[in-house]
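Following: one structure in structure tokens, then a few remarks.
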Amino acid sequence: MATNKALTLVLVILCFVLVHELETNSGHLMTANAEKIDCKSKCAYRCSKAGWHKLCLRACNTCCERCNCVPPGTAGNEDVCPCYAKMTTHGGRHKCP
């Protein structure tokens, strides 16, 4: 009777490990297969009304490459891309235009 319980416990643990590995691997596959957006054109539009156009483009492209996302419009709408909205400079200021 004790060996049946031990065997059942081992099988349950193995099932949990297997499910965890499958979830982890499928996440990596989705990330690897995710389509990259065209940062250059998205940032060109995002920065089209910026006073410091080249600085805006440089920051936007950095944020886009890291997050694979640029919020729509020329300003605001950062709730669409949380990664973009949360990125900060070394000084703690908002990085992405």
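The values are calculated or read from the model by the stated rules, or taken from the named source; none is laboratory data. Just so we're clear, the structure is a prediction, and the values are computed from it rather than from any experiment. FYI the Cβ positions are ideal-geometry reconstructions off the backbone, even for glycines, and counts take in every protein chain you see. Please note that ligands, DNA and RNA were not included when accessible areas were found on the heavy atoms of the full protein model with its side chains. Shrake-Rupley method; radii C 1.70, N 1.55, O 1.52, S 1.80 Å.
Of everything in segment 38-77 that is surrounded by 14 or more Cβ atoms within 10 Å (Cβ to Cβ), of a type in the set (A, V, I, L, M, F, W, C) and in a loop (DSSP other than H, G, I, E, B), the residue that is farthest from the chain's Cα centre (by Cα) is A50. In the set (1) at pLDDT 95 or above; (2) open to solvent by 80 Å² or more (accessible area, probe 1.4 Å); (3) within 20 Å of the chain's Cα centre (by Cα), H94 fails one condition alone, (1). Could you tell me whether V12 is open to solvent by 70 Å² or more (accessible area, probe 1.4 Å), at pLDDT below 70 and more than 30 Å from C96 (Cβ to Cβ)? In short, no. Residues in segment 79-89 that are surrounded by fewer than 19 Cβ atoms within 10 Å (Cβ to Cβ) and of a type outside the set (A, V, I, L, M): D79, P82, C83, K86, T88, T89.
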